[in-house]
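Values in this text are rule-based calculations from the coordinates and carry no lab data. Values in this document were obtained by computation on a predicted structure and should not be read as measured data. In this analysis, Cβ positions are derived from the backbone assuming ideal geometry, glycine residues included, and neighbour counts consider all displayed protein chains.
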Amino acid sequence: MVRPLADSLASAERAALLAALQVCGGNRRLAASRLGISRAGLYVKLQQHGIVR
């Protein structure tokens, strides 16, 4: 079954956020840096995906 592109992208983004947080021991500044986004951008993406830490 083929999922809509938006769903696939959202799923991949969520997985990348969670993986970065895990690898960085929950350090959001470091996770944002590893993902190549700003810390503020990370907070926005975490909120969009309902990730609370």
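Things to note:
- When the stretch 2-27 is filtered for residues that are in a helix (DSSP H, G or I) and touching a residue at least 24 places away in the same chain (Cβ under 8 Å), the ones remaining, listed by number, are ALA10, GLU13, ARG14, LEU17, LEU18, LEU21.
- Being surrounded by 11 or more Cβ atoms within 10 Å (Cβ to Cβ), outside any helix (DSSP H, G or I), touching a residue at least 24 places away in the same chain (Cβ under 8 Å) and within 11 Å of the chain's Cα centre (by Cα) is a description that applies to ILE51.
- Unmet requirement for ALA32, which otherwise passes all of (1) out of contact with any Ser or Thr (no Cβ under 8 Å at 6 or more places or on another chain); (2) surrounded by 11 or more Cβ atoms within 10 Å (Cβ to Cβ): (1)
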